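J.: If you scroll down you'll find the structure; I have some questions about it.
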Amino acid sequence: MTSPQTATGTFTQAQLGTLILIGWSGEFQQSGRDAAFLLAYSLGDGSDGPAAGEHAMRLALQRSGLTVGGAAVRADETPGLPVKLLVQAGQAVLTLPHFSAQYPVPREWLAAATDQGEVHAMFATRPWPQGAPGLPVGEAELRAFAGDPDVIATSAHCVLPVRSLG
């Protein structure tokens, strides 16, 4: 069981900048079954620039009980973790104390999430301005960012149960 770390320092919502959520599905750890993945990141367009935004994201994640750079936290095994995922009407809504984001999920993502009953979420502290809404993000670009060892090492990871209304 993990316990929340005390994060020191302050930040403002404006420093986080624009927060984006993007998802994909694919085989997970050579299991032969598809899993659903979500990536949450900032564009780095916060009020005090990308470096302040990265620091603000790190603090927000730590205050939410997630460990940046550590092993994945399983939300279903961590009582009181304030990180929630709601999947309803073709939308994934991710909520944390300091931010929330919504993503219209493709059918294959929804099928993988429903089949597995969980979603693997990665919360990047490093901004990704190339992943802005309206700009095309191809598989190669997504893989280059989400698969970058430095991005992975400076992210928080969480496995979230799929919840819906009703």
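The values are calculated or read from the model by the stated rules, or taken from the named source; none is laboratory data. As the structure is a computational prediction, the values presented were derived from the model and not from experiment. We place every Cβ from the backbone using ideal geometry, glycine too, and count neighbours over all the protein chains shown. Just so you know, the surface numbers come from the protein's heavy atoms only, side chains and all, with ligands and any DNA or RNA stripped out. Shrake-Rupley method; radii C 1.70, N 1.55, O 1.52, S 1.80 Å.
J.: Applying the selection to the range 11-27, what residues are more than 24 Å from Ala92 (Cβ to Cβ) and either buried (at least 19 other Cβ atoms within 10 Å of the Cβ) or at pLDDT below 80 (or both)?
T.: Answer for the range 11-27, where residues must be more than 24 Å from Ala92 (Cβ to Cβ) and either buried (at least 19 other Cβ atoms within 10 Å of the Cβ) or at pLDDT below 80 (or both): Phe11, Gln15.
J.: Looking at Ala124, Ala132, Ala153, Ala144, can you tell me which residue is open to solvent by less than 30 Å² (accessible area, probe 1.4 Å) and at pLDDT 90 or above?
T.: Numbers: Ala132 fails: at pLDDT 90 or above; Ala153 fails: open to solvent by less than 30 Å² (accessible area, probe 1.4 Å); Ala144 fails: open to solvent by less than 30 Å² (accessible area, probe 1.4 Å).
Only one candidate passes the filter, namely Ala124.
J.: Looking at (1) surrounded by fewer than 18 Cβ atoms within 10 Å (Cβ to Cβ); (2) in contact with a Gly (Cβ under 7 Å, 6 or more places away or on another chain); (3) within 16 Å of Arg163 (Cβ to Cβ), find the lone condition where Val93 falls short.
T.: For Val93, the failing item is (2).
J.: Which condition breaks for Cys158 when tested against (1) farther than 18 Å from Ala60 by Cβ; (2) open to solvent by less than 20 Å² (accessible area, probe 1.4 Å); (3) modelled with pLDDT of 95 or more?
T.: (1)
J.: To continue, here is another question. Give me the residue from the range 28-45 that is modelled with pLDDT of 90 or more and out of contact with any strand residue (DSSP E or B) (no Cβ under 9 Å at 6 or more places or on another chain) and, out of that set, surrounded by the most Cβ atoms within 10 Å (Cβ to Cβ).
T.: Per the stated criteria, the residue is Gly44.
J.: Next up: Only one of Ala51, Ala75, Ala71, Ala56 is modelled with pLDDT of 90 or more and open to solvent by less than 10 Å² (accessible area, probe 1.4 Å); which? Explain how you work it out, then say what you get.
T.: On the way: Ala51 fails: open to solvent by less than 10 Å² (accessible area, probe 1.4 Å); Ala75 fails: open to solvent by less than 10 Å² (accessible area, probe 1.4 Å); Ala71 fails: open to solvent by less than 10 Å² (accessible area, probe 1.4 Å).
Sole residue among the options that is modelled with pLDDT of 90 or more and open to solvent by less than 10 Å² (accessible area, probe 1.4 Å): Ala56.
J.: Something else: Can you name the condition, by its number, that Gln62 falls short on among (1) over 29 Å from Leu165 (Cα atoms); (2) assigned to a helix (DSSP H, G or I); (3) modelled with pLDDT of 90 or more; (4) not acidic (Asp, Glu)?
T.: If we test Gln62 against (1) over 29 Å from Leu165 (Cα atoms); (2) assigned to a helix (DSSP H, G or I); (3) modelled with pLDDT of 90 or more; (4) not acidic (Asp, Glu), just (1) comes out false.
J.: Give the number of residues within the range 96-105 that are open to solvent by 40 Å² or more (accessible area, probe 1.4 Å) and in contact with a helix residue (DSSP H, G or I) (Cβ under 7 Å, 6 or more places away or on another chain).
T.: In the first step, residues of the range 96-105 are kept if they are open to solvent by 40 Å² or more (accessible area, probe 1.4 Å); the result is 97-98, 100, 102, 104.
Imposing the further condition that a residue be in contact with a helix residue (DSSP H, G or I) (Cβ under 7 Å, 6 or more places away or on another chain) reduces the set to 97-98.
Counting residues in the range 96-105 that are open to solvent by 40 Å² or more (accessible area, probe 1.4 Å) and in contact with a helix residue (DSSP H, G or I) (Cβ under 7 Å, 6 or more places away or on another chain) gives 2.
J.: Next question, about the same structure. Is it the case, given these coordinates, that Gln5 is under 22 Å from Thr67 (Cβ atoms), out of contact with any strand residue (DSSP E or B) (no Cβ under 7 Å at 6 or more places or on another chain) and modelled with pLDDT of 80 or more? Walk me through how you get there before you give the answer.
T.: Working: under 22 Å from Thr67 (Cβ atoms): yes; out of contact with any strand residue (DSSP E or B) (no Cβ under 7 Å at 6 or more places or on another chain): yes; modelled with pLDDT of 80 or more: no.
Spelling it out, it is not the case that Gln5 is under 22 Å from Thr67 (Cβ atoms), out of contact with any strand residue (DSSP E or B) (no Cβ under 7 Å at 6 or more places or on another chain) and modelled with pLDDT of 80 or more.
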